[in-house]
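Report on the following structure.
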Amino acid sequence: MSEKAELKIDGKIIELPVITGSENEKAIDISALRASSGYITLDPGFKNTGSTSSGITFLDGEKGILRYRGYSIEELAEKATFLEVSYLLIYGELPNKATLESYRKEITHHTLIHEDIKNILEGFPSNSHPMGVLSSLVSSLTAFYPESLDPNRSAAEVDLSIKRLIAKMPTMAAWAYKNEIGHPANYPDNKLDYCSNFLKMMFAVPSEEYEVDPVIANALDKLLILHADHEQNCSTATVRVVGSSHASLYASIAAGISALWGPLHGGANQAVIEMLEAIKADGGDVNKYMAKAKDKNDPFRLMGFGHRVYKNFDPRAKIIKKAADDVLEKLGINDPVLEIAKGLEEVALKDPYFVERKLYPNVDFYSGIIYRAIGIPTSMFTVMFALGRLPGWIAQWKEMRENKEPIGRPRQVYTGNNHRPFQEVDNR
Ligand code: SDX
C-alpha cells in the first residue's frame, strides 16, 4: 500500500501521496493540493521543494555523498575521463570501448565552429566578461543550426545538436578568451584529446610551438568531471525550466550559463580567488576576514564556503584540495594564496559560527587555485565551470524532455494592492 501524508486544514483531512526514491528519500506529492484544498505551498529559494524526479545524480548533503548514475564521484574522478563521464550522464551508462571510440570520433568531428562566429566576437569589446560572450555564442548556434530550434524533431536530430554542443563548447570558450586578450583564435587540433585540444586553443600563439603538459591536461580532465552535474542546482533548474517551454537545447543551455555566472553559484570560483588575493594584499590576516564573514552588518561572505545541500564536506572540495597540492608540486609552483585558503579553512572548521551553520568548503573553494596553476586566467574560471557542467545540463534537459514534463510555472501569494478604481491624472 502506498504511503500517505495527512494534512489537516480548514477542518478537513487532505491525504497526499508520499513518494520514496531509490535512495529512500521521501517526498510529499502536492500536485493535487490546490485542487483539493485551495492552498498552495510557499518556499522561497525552493529549500524544501523538489521540482522533479531524476535518475541522473544522487547527492546526500548530510553524508557528503555524490554519485553520477550510481557511480561515486571519487571513482569517476580517479578512473574515468571527462568524455566517458559526459556519455554516462547523457545516455545513462558507461560506454564500452567501441561505443566510446565512436562517440569520441563524433565529438572530434564537430569541434570546428562557423567562421562567422568571429564576426560576432568582433562585436564584443575586448574587456567583455567571457561568460557573457559564451552565453551569446551558444545562443548564436540557433542561427547556424536552425533545425535545432525545434526540440520536438527526431531523436537523431536532437542527438546531433547535443554532440555539436559538447564538441563546440571548448572552441567557443577558447575563442572567447582569445577575443578578450586580443589574440588570434586557434582552430581545433583534432589529433588531440578533449582537454589537450582545449588547452592548445587557449594558449597556443602564432610562431611558437605549443606542447600540452599531460599533468595539466589530466588535472583539467579531473576538474571537468568534478563539475559535470549536481542535481537540481540553480543553473540546472534554469535549464530545465527554460527547456520545459519547448525552447531549443541551445537556448536552454545559454540560459543555464547566465544562471551559473552569479557569484553565489558558479561565479564563486572567481570570487574566491579575488577574495584570497584581497586578503593577501591586506597582509594575510585570516582572522580579520573571518570576523567580517560573521558580522551581519558586513556584506563580506567567505566565498567558496557553505552550500544549500552539503551540510558536511563537499566531496568535490576534498578531491580538488588534494589535486591542488599534487598539481602545484608537479608544476613546482608555490602559490601563497593556497596557504591562505588552507589557513581560512582551518580557522573556519573550528569556529562556532561556521560549525553551527554547517558551513564547509565547497567545490569552488580550491578549484580556482588549480585553474590558476594551469594558466587559466581568473575571468575564465566560471567558463571552466560551464565547460564541466555542460553534460549535466544536457542530461537534465534530455531527461525533462523524455519525461514530457509540463512547463515550469510556479504559483505565488499576492501581497499587493486590493482592487481600486482608476483615478484620472488630474485627480491623483
Ligand atoms: C555552487 O546548489 C549547488 O549544487 C551549487 C553547486 C553546483 O555544483 O552546482 O554546488 C555550485 O554554487 C557552490 C556554492 C558557491 N557559492 C559560494 O561559495 C558563495 C558563498 N556561499 C553562500 O553564499 C551560501 O552558502 C550559498 C549561496 C552557497 C547557500 O546559501 P543558502 O543555502 O541560501 O544559505 P543561506 O545564505 O541562507 O545561509 C545560511 C546561514 C546564514 O546565516 P544566518 O542568517 O542563519 O545567521 O549561513 C550563513 C548565512 O549568513 N552563510 C555564510 C556563508 N554561507 C552561508 N556566512 C558567511 N560566509 C558564507 N560563505
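Worth pointing out:
- Across the options S22, I162, V133, the greatest Cα extent toward the positive end of the charge dipole of the chain (unit charges at beta carbon of Lys, Arg, Asp, Glu) belongs to S22.
- For I14, the residues whose modelled amide H falls within less than 5 Å of its own, excluding neighbours fewer than 5 places apart on the same chain, are L7, K8, I9.
- Dipole of the chain [Lys/Arg +1, Asp/Glu -1 at C-beta], most positive-end residue of Y39, Y103, S51: Y39
- Rounded to the nearest 20 debye, the dipole size of region 2-128 about its Cα centre is 180 debye, using +1 on the Cβ of Lys and Arg and -1 on the Cβ of Asp and Glu.
- Per-residue packing, averaged as other Cβ atoms within 10 Å, sorts the ranges 280-286, 67-73, 198-204, 305-311 into the order 198-204, 305-311, 67-73, 280-286, beginning with the highest.
- Reducing region 100-157 and region 394-416 to their Cα centroids gives an inter-centroid distance of 25 Å.
- Cα pair count fraction exceeding 16 Å, expressed as % - region 113-191: 51
- When the alpha carbon gyration tensor of region 4-50 is reduced to an equivalent ellipsoid, the three semi-axes, largest first, read 20, 15, 8 Å.
- Note on region 183-327: with neighbouring protein chains present and a 1.4 Å probe, carbon and sulfur make up 55 percent of its accessible heavy-atom surface.
- Protection proxy ranking, peptides 133-144, 416-427, average beta carbon neighbours within 10 Å, highest first: 133-144, 416-427
- For the chain, the dipole from Cβ point charges (+1 on Lys and Arg, -1 on Asp and Glu) about the Cα centre works out to 980 debye, to the nearest 20.
- Volume per residue of the convex hull around the Cα atoms, evaluated for the chain, comes out as 222 Å³.
- Portion, in percent, of the accessible area of region 4-50 that falls on carbon or sulfur, probe 1.4 Å: 52
- Straight Cα distances below 27 angstrom link K191 to the lysines K79, K97, K105, K118, K163, K168, K178, K200, K222, K330, with same-chain residues fewer than 8 positions distant left out.
- Accessible surface computed residue by residue for the chain, with neighbouring protein chains in place and a 1.4 Å probe, gives 50 Å² per residue.
- Over the Cα atoms of region 239-281, the radius of gyration divided by the Kirkwood radius equals 1.27; this is the Rg/Rh ratio.
- Placing +1 on the Cβ of every Lys and Arg and -1 on the Cβ of every Asp and Glu, with nothing else charged, gives region 4-50 a dipole about its Cα centre of roughly 140 debye.
- Each of S252, L276, F385 was placed along the dipole of region 56-408 (beta-carbon charges, centred on the mean Cα), and the one lying farthest toward the positive end is S252.
- Cross-link partners for K47 among the lysines, with Cα-Cα distance under 25 Å and sequence neighbours closer than 8 places in the same chain left out: K4, K8, K26, K63, K294, K296, K311, K318, K358, K398, K404.
The values are calculated or read from the model by the stated rules, or taken from the named source; none is laboratory data. All values derive from a computational prediction rather than experimental measurement. Here the Cβ is made from the backbone with ideal geometry for all residues, glycine too, and neighbour counts use every protein chain on show. What goes into the accessible areas is simple: the full protein's heavy atoms, side chains included, and nothing from ligands, DNA or RNA. Shrake-Rupley method; radii C 1.70, N 1.55, O 1.52, S 1.80 Å.
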